[in-house]
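Peer 1: Got a structure for you, questions after.
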Amino acid sequence: MRGVYRGMGHRLMIGLTFGAASLSCSDTSGPRVDRGIGSIGIFRADTLPFDLAVVVAESLPLRAVVIDTNGVVLPGRAIVWSTTQPAADIDANGLTVGVTPGITYIRASSGGVRDSVRIEVLPVADSMVITPVAVGIVPGGTAQVVPLLYAGGAQVPSYGRPVHWSSSDTTAVRVTGRFIGDLVAVAPGSSTLTATGSSRTESVTVDVDLLSYAVIDAGVRSSCGLTQTTRRVYCWGVNNTYQLGHPFVPFDSLPLRVEGIPVATQVVFGGSSACALSLTGAAWCWGFDIGNLGRGVASPNGAELPGLVSGGLSFFNLAMGEASTCGATTGAVAYCWGFGGGGVLGTGDTLSHPAPVPVSGGLSIGLVTMTPSTPIASYPFDGQTHTCGLTTSATGYCWGRNRFGQLGDSSTTDRLVPVPVAGGLSLMYISAGWTYSCAVAFGGAGYCWGDNTNGQLGSAGGADSLPRAVAGGLTFNGIWAGTRHTCGVTVSGAAYCWGANSNGELGDGTRNPSSVPVAVAGGLSFFNVTPGVGFTCGVTTGYVGDCWGGVEFETGNGVAGSAVPVRILGQP
């Protein structure tokens with residue numbers, strides 16, 4: 001229906017444009033010969049786009065232009081207006097007023113020639129809802145807010161319903177748009193954006209903040225961070241499956257706050273989705289969904305906004321993979337959900353589950369970690385997802401795919417249930433990478449096992465199905481396994497990375513791969529460093545977020561392929 005209206009408007013406007021052009025180019029050296037009226041063009045008399053619709057009790061100003069047979073505008077011609085149905089009234093000046101919902105044709109006549117346009121009279125909206133319910137953004141960032149209109153409980157189309165936007169503080173936020181509000185964050189502050197239209201008025205608050213970070217989790221083409229002071233989640237990068245938690249942006253190179261979740265204690269990023277953990281232990285997830293969001297029913301087109309994981313469980317921590325998610329509850333019971341291929345859920349089979357199911361074995365697991373994401377063009381390594389957990393007695397267990405020995409059980413056999421990591425190590429941290437795993441033993445020694453194609457084990461040699469010490473004798477607080485590279489932070493806060501480095505993801509100022517740890521340049525002191533796909537992000541002890549490698553929208557710093565840390569935009 002909308003296409004029909006716009007088609008008519010397009011035809012009539014072409015006639016008007018042609019007539020105006022003819023007038024401006026006509027020969028004025030002699031008297032003009034009037035060839036008679038050829039047509040009449042009808043268009044809006046205001047500056048709004050040519051939407052041929054009007055809301056009941058609102059007005060639509062129309063104007064008619066008479067054009068002769070040569071396509072030249074004939075000024076000063078009298079116009080007679082009429083309407084074919086009582087759905088709308090029109091006065092002698094072309095002002096159309098909606099009377100009752102329906103369809104009518106508005107006619108303009110002059111000198112025996114007439115033309116008409118089809119007008120839809122729309123019902124009055126009895127409510128307006130603006131989504132998202134609030135916006136958090138950093139200076140220089142952009143976003144959209146959308147008013148949704150309802151009549152009788154049913155959503156009504158936005159077509160023909162202009163909405164006027166205003167900002168209470170234009171020094172903080174500017175807003176434009178005829179229906180959707182396009183906002184630009186100018187400077188730190190807060191502004192109320194007000195939408196007025198279709199007899200409704202609603203507002204949304206936009207906060208423009210400078211951020212400090214507690215943790216950042218890098219993914220593939222996108223990342224999320226948890227702020228240090230407000231404990232809110234901000235994400236940036238591509239948004240093709242709504243992994244930014246915002247439905248109205250294709251991507252955002254600056255951090256954008258995820259709305260609809262409470263104050264958080266953790267954020268994790270998978271391949272194209274993310275989850276956050278609230279203070280109460282509730283898990284909220286959004287983005288790509290084939291059951292990995294844990295809502296009981298998958299959303300094939302992705303979930304635009306965060307939603308609660310079903311089951312009412314209280315989690316201590318979460319881990320997210322390419323299409324699966326796991327969590328350890330406050331009672332040290334591990335649950336997993338989503339895609340179950342290869343036994344990644346640890347349930348004793350390869351079935352998928354759209355809601356949390358307990359991991360087999362009855363282990364007391366206090367921490368879980370999963371293969372974070374799969375690189376683009378990853379053949380022949382597709383599907384090498386696995387999961388690891390750390391028990392309350394400091395023993396590492398892994399399950400899932402094991403082609404490269406990434407489970408660390410001295411075999412390359414896939415496991416449908418948890419198996420202990422060999423070597424009898426007492427571990428304080430464990431991290432599942434793409435085709436390998438790493439851990440930190442009590443005392444700070446680093447170990448890795450599995451695939452070593454890119455030197456990601458941190459030592460020379462090929463793949464290993466048993467834990468192998470990371471070279472260099474460093475004492476680690478944590479090691480984070482990625483896809484093709486690994487990073488760790490020592491007890492002194494120094495960051496080291498090793499493995500692939502084609503994008504500068506090791507952060508040592510070069511693009512040379514390394515099978516042994518190399519120091520991240522800049523002398524910064526870090527809390528944590530997480531490898532993404534071809535890039536890395538970390539948080540310093542001063543709560544500053546830095547990223548390096550990759551492209552500017554996934555690192556959030558506006559710099560592509562930096563081989564040294566660069567501060568994420570939107571910080572003090």
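The values are calculated or read from the model by the stated rules, or taken from the named source; none is laboratory data. Please read these numbers as outputs of a predicted model, since none were measured by experiment. Because the Cβ atoms are built from the backbone with ideal geometry, glycine has one as well, and the counts that use them run over all protein chains shown. With ligands, DNA and RNA removed, areas are computed over all heavy atoms of the protein, side chains included. Shrake-Rupley method; radii C 1.70, N 1.55, O 1.52, S 1.80 Å.
Peer 1: Among the residues that make up the stretch 296-312, is at least one of them open to solvent by 50 Å² or more (accessible area, probe 1.4 Å), under 24 Å from Val215 (Cβ atoms) and of a type in the set (A, V, I, L, M)?
Peer 2: yes
Peer 1: Follow-up question, since we're still on this one. Within the set of pairs 6+ apart or on separate chains, which have a first residue in the stretch 180-198 that is under 11 Å from Thr170 (Cα atoms) and part of a loop (DSSP other than H, G, I, E, B), a second that is open to solvent by 60 Å² or more (accessible area, probe 1.4 Å) and polar (S, T, N, Q), and C-beta atoms under 7 Å apart?
Peer 2: Pairs that qualify, where the first residue is under 11 Å from Thr170 (Cα atoms) and part of a loop (DSSP other than H, G, I, E, B) and the partner is open to solvent by 60 Å² or more (accessible area, probe 1.4 Å) and polar (S, T, N, Q), are Val186/Thr171; Ala187/Thr171.
Peer 1: Follow-up question, since we're still on this one. Surrounded by 15 or more Cβ atoms within 10 Å (Cβ to Cβ), on the phi < 0 side of the Ramachandran plot, aliphatic (A, V, I, L, M) and touching a Leu at 6+ places or on another chain (Cβ under 6 Å), is that true of Val99?
Peer 2: No; evaluated as a whole, the condition is false for this residue.
Peer 1: Tell me whether the stretch 319-341 contains one or more residues that are at pLDDT below 95 and surrounded by fewer than 21 Cβ atoms within 10 Å (Cβ to Cβ).
Peer 2: Yes - at least one qualifying residue is present in the stretch 319-341.
Peer 1: If I filter the stretch 480-520 down to residues being among the hydrophobic types (A, V, I, L, M, F, W, C) and over 26 Å from Glu322 (Cβ atoms), which single residue comes out as surrounded by the most Cβ atoms within 10 Å (Cβ to Cβ)?
Peer 2: Once the filter is applied, the top-ranked residue is Val520.
Peer 1: Just to be sure before I move on: is Thr280 among the β-branched types (Val, Ile, Thr), assigned to a loop (DSSP other than H, G, I, E, B) and within 21 Å of Tyr543 (Cβ to Cβ) in the structure I sent?
Peer 2: no
Peer 1: Only one of these conditions is not met by Thr347: (1) among the hydroxyl-bearing types (Ser, Thr, Tyr); (2) in a strand (DSSP E or B); (3) within 22 Å of Thr412 (Cβ to Cβ). Which number is it?
Peer 2: Failing condition for Thr347: (2).
Peer 1: Which members of the stretch 515-543 meet the condition of being part of a loop (DSSP other than H, G, I, E, B), hydrophobic (A, V, I, L, M, F, W, C) and touching a strand residue (DSSP E or B) at 6+ places or on another chain (Cβ under 6 Å)?
Peer 2: Val520, Ala521, Leu524
Peer 1: Is it the case that some residue within the stretch 150-159 is under 25 Å from the mean Cα position of the chain (by Cα), in contact (Cβ under 8 Å) with a residue 60 or more places away in the chain and within 18 Å of Val56 (Cβ to Cβ)?
Peer 2: So far as the stretch 150-159 goes, yes, one or more of its residues are under 25 Å from the mean Cα position of the chain (by Cα), in contact (Cβ under 8 Å) with a residue 60 or more places away in the chain and within 18 Å of Val56 (Cβ to Cβ).
Peer 1: Still on this structure: Just give me the residues in the stretch 44-60 being in contact (Cβ under 8 Å) with a residue 24 or more places away in the chain, under 16 Å from Gly197 (Cβ atoms) and surrounded by fewer than 22 Cβ atoms within 10 Å (Cβ to Cβ), in sequence order.
Peer 2: Leu48, Pro49, Asp51, Ala53, Val56, Ala57, Glu58, Ser59
Peer 1: Filter the stretch 158-215 down to residues that are open to solvent by 40 Å² or more (accessible area, probe 1.4 Å) and among the small types (Gly, Ala, Ser) and give me whichever is nearest to Arg231 (Cα to Cα).
Peer 2: Ser190
Peer 1: Kindly indicate whether any position in the stretch 216-237 is within 23 Å of Gly321 (Cβ to Cβ), over 18 Å from the mean Cα position of the chain (by Cα), open to solvent by 30 Å² or more (accessible area, probe 1.4 Å) and not small (Gly, Ala, Ser).
Peer 2: Checked the stretch 216-237: no residue is within 23 Å of Gly321 (Cβ to Cβ), over 18 Å from the mean Cα position of the chain (by Cα), open to solvent by 30 Å² or more (accessible area, probe 1.4 Å) and not small (Gly, Ala, Ser).
Peer 1: Let me ask something additional. Would you mind finding the one in Asn454, Asn477 that is modelled with pLDDT of 95 or more, open to solvent by 40 Å² or more (accessible area, probe 1.4 Å) and part of a strand (DSSP E or B)?
Peer 2: Asn477 is the lone residue from the list that is modelled with pLDDT of 95 or more, open to solvent by 40 Å² or more (accessible area, probe 1.4 Å) and part of a strand (DSSP E or B).
Peer 1: Here's a follow-up. Among the residues of the stretch 533-571, what is the count of those that are charged (D, E, K, R) and crowded, with 24+ Cβ neighbours inside 10 Å?
Peer 2: 2
Peer 1: For the stretch 238-265, which residues satisfy the criterion of being surrounded by fewer than 22 Cβ atoms within 10 Å (Cβ to Cβ) and not in a strand (DSSP E or B)?
Peer 2: Correct list: Asn240, Thr241, Pro247, Phe248, Val249, Pro250, Glu259, Gly260, Pro262, Val263.
Peer 1: Would you tally the residues in the stretch 283-295 being buried (at least 24 other Cβ atoms within 10 Å of the Cβ) and within 20 Å of Ser360 (Cα to Cα)?
Peer 2: 2
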